[in-house]
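Values quoted throughout were computed directly from the atomic coordinates according to the rules given, and no laboratory measurement underlies them. For clarity, every value in this text was computed on a predicted model and none was experimentally measured. Reconstructed Cβ throughout: ideal geometry from the backbone, glycine too, with neighbour counts over all protein chains shown.
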Amino acid sequence: MRRRGRKRRKNVAYVAGVSMTPVTRTLGKPHKEVAAELLAEALEDAGLEKNDIDTLVVTPPNLAGPPSFMFVCALAEYLDLRTKHINMVECGGTSGAMAIKTALNEIFLGRTEFAAVIAIDQRFDLQPGQVDINVFMHEALQTQICLYGPYDSLYGIGAPIPYYAMSAQRYMEEYGATEEDFARVAVMLRNHASKNPLAEYRDPITVEDVLNSRYLSPPLKLLDCSPFASGGACVILANPYVTRPLPKPPVWITGVGEWHEPDHFIPQNGSITSFTSVKKSAEEAFERAGMEPVDVDVAEVYGVFTATELMIYEDLGIFPPGEGYIAVKEGKATYGGNVVMNPSGGRLSLGHPAAATPVMEMVEVVRQLRGECGERQVPGARCGLVHAEHGMLNGSIVFVLEV
Amino acid sequence: MKELITKVTWNSIQHYGDSASVKYYEFLKNRIFRTTYCDTCQKRWFPPRKYCPNCFKEMFKWVEMANTGTLYAFTQQERSLRFGKPDVIGIVELDTGERLLTKINAPFEELKIGMRVKLEYIEIDENITLHSFSPVK
Ligand SMILES: [Zn+2]
């Protein structure tokens, strides 16, 4: 792990405060109450008061569910928050990361000193007072039937698993990986989660457990996938020109990268085992930060399936193409290796409340870089990476963070 | 439930698709397998669109897509909204270059990446006919 001197750069901001809920089946309370709790905890962590916040960005409370008309305005009233900017950002899986980027842009514009980003996802059917889905089955079905577009959806695509299953199958074909190699990823992530009290799945599992779990969409089995979950997270971002002393050391966001390819799920020409969006967003983020993949000590990535996780490692440049599974087998992606990937337990074992996931990733990396992670602390972590994607990795965002 | 799914599918195509998706499914209903073609750019576009995304002129021309292709990847769904288990689906690369998601009419175990496949049609209801592909024996 090489170290470089920090250069003075434009367009940097820092994370001043973080908070997140445990990941669970249901939060069991309304979104606005969860948001208030998250904001209070993050403000305390940052040593700030509510009136210090001049930007509020959120994700919709039901990411893939019915629209949440003006939720952010209702939330601002609930929190009695006066802001120079308010926004609700939706872009599939990257929503939480896009919300962070929107808040960063306000800081870079020079309009904002402190911005709060709050992302909450709660299983649609488990929200308090949720309308019984049977009452509006017709509308729900009409939405669901074309959720994956008017061409793919008609073949019964109701969740993204089949896309990722075919991607996993191609990865096996192209690089000689096996289902056992995928299972090792799930085991590694579960080991990480076993030391994270906020994780939904903490009981140890073995390669055999993964291999014996039932096929959802071959080659992907139940334990290769991240089930729907509920949870929320908040980060408070700060303008570097703020001079007031804060209780915790700043965690700098030194690089941001983003790219979207126009394919919606299945690419007409491109590969389904390597993704332009991940490569280009990582290259941009590293370049802006003046860092390289080898500099990363700890990373949280949006790998929603075991095989996908490996492809992301490769496209980020952390391991060579087609060698992600070998790296995991050799213990290079965990404690004692080159870098610790998803120390939180990742999407598979921390759990995956989709809208909140990118923000939770940033919370974990910030806590790692501050050295607050106790049993799962990555020793001496100085450089961290956060990655999120949407579609079938048609779009990605990467943040590089440093202390 | 199956009846309801069928009933809302045509609504859904109109609501979430566009005029080209409607026309595409009208063609399929008549067992015609076509996509849009830009005369100015001399380029085929799939999925079909009203306007060429290259020059933004209206594409009036629909051209045949090949009824043969190669199996690029495939899987099987345990649960599917439309078809019961085993629901084998795959990505096919047509000989005319388009890649599409389709139903595969063969047991999962008998399939291999790179297999040659051939177009067939499945009638769903009075409005909807879907494409599907079978391995070439
Ligand atoms: Zn054109």
Filtered hits (lysines, Cα-Cα < 29 Å from A:LYS195, offset >= 8 within chain) -> A:LYS29, A:LYS221, A:LYS248, A:LYS329, A:LYS332
Proximal aspartates and glutamates to B:LYS2, defined as alpha-carbon separation beneath 12 angstrom and excluding residues fewer than eight positions away on the same chain:
B:ASP125
Among the lysines, select those whose C-alpha is under 16 Å from the C-alpha of B:LYS23, and discard any that sit fewer than 8 residues away in the same chain.
B:LYS50, B:LYS61
Compute the helix-to-body angle for B:19-29: its Cα long axis versus the longest principal axis of chain B, expressed 0 to 90° and rounded to tens.
50 degrees
Please compute the modelled spin-label separation between A:SER271 and A:GLU375, points set 7 Å along Cα→Cβ, answer in nm with one decimal.
3.8 nm
Radius of gyration and Dmax for the protein assembly as shown's Cα atoms, expressed in Å?
23.6, 75
Which whole-number value in Å³ per residue fits the convex hull of the alpha carbons of region B:70-137?
89 Å³
If R₀ is 56 angstrom, what is the calculated FRET efficiency for the pair A:THR178 and B:ASP39, using the beta carbon separation as r and rounding to 0.05?
0.70
Grab the DSSP H runs of chain B that are 4 residues or longer, score each as -39,500 (n - 2.57), total them, divide by all residues and round the 222 nm result to the nearest 500 deg cm²/dmol.
-6000 deg cm²/dmol
Just subtract the alpha-carbon distance of B:GLU109 and B:CYS55 from 0.36 nm times their residue separation and send over the number in nm, one decimal.
15.0 nm
Rel. contact order, % - alpha carbon contacts under 8 angstrom, at least six apart, chain B:
20 percent
Given a Förster radius of 25 Å and the C-beta distance between A:ALA36 and A:PHE69 as r, what FRET efficiency does 1/(1 + (r/R0)^6) yield to the nearest 0.05?
0.80
Rounded to the nearest 10, the angle in degrees between the Cα long axis of helix B:2-16 and the longest principal axis of the Cα atoms of chain B comes to 20 degrees
Based on alpha-carbon centroids, what's the gap between region B:30-69 and region A:340-375 in Å, whole number please?
45 Å
Expressed to one decimal in nm², the mean projection of the alpha carbon convex hull of region B:2-135 is 8.3 nm²
Which entries of B:LYS7/B:LYS43; A:LYS50/A:LYS101; A:LYS50/A:LYS279 show an alpha-carbon separation above 26 angstrom in the structure shown?
B:LYS7/B:LYS43; A:LYS50/A:LYS279
Restricting to Cα pairs below 8 Å that are 6+ residues apart, what does the relative contact order work out to for chain A? Please round to a whole percent.
25 percent
FRET efficiency for A:GLU77 and A:HIS138, using Cβ-Cβ distance with R0 set to 22 Å, rounded to 0.05:
0.10
Could you work out the helix-only [θ] at 222 nm for chain A, with each DSSP H run of four or more residues adding -39,500 (n - 2.57) and the total divided by the number of residues, to the nearest 500 deg cm²/dmol?
-10000 deg cm²/dmol
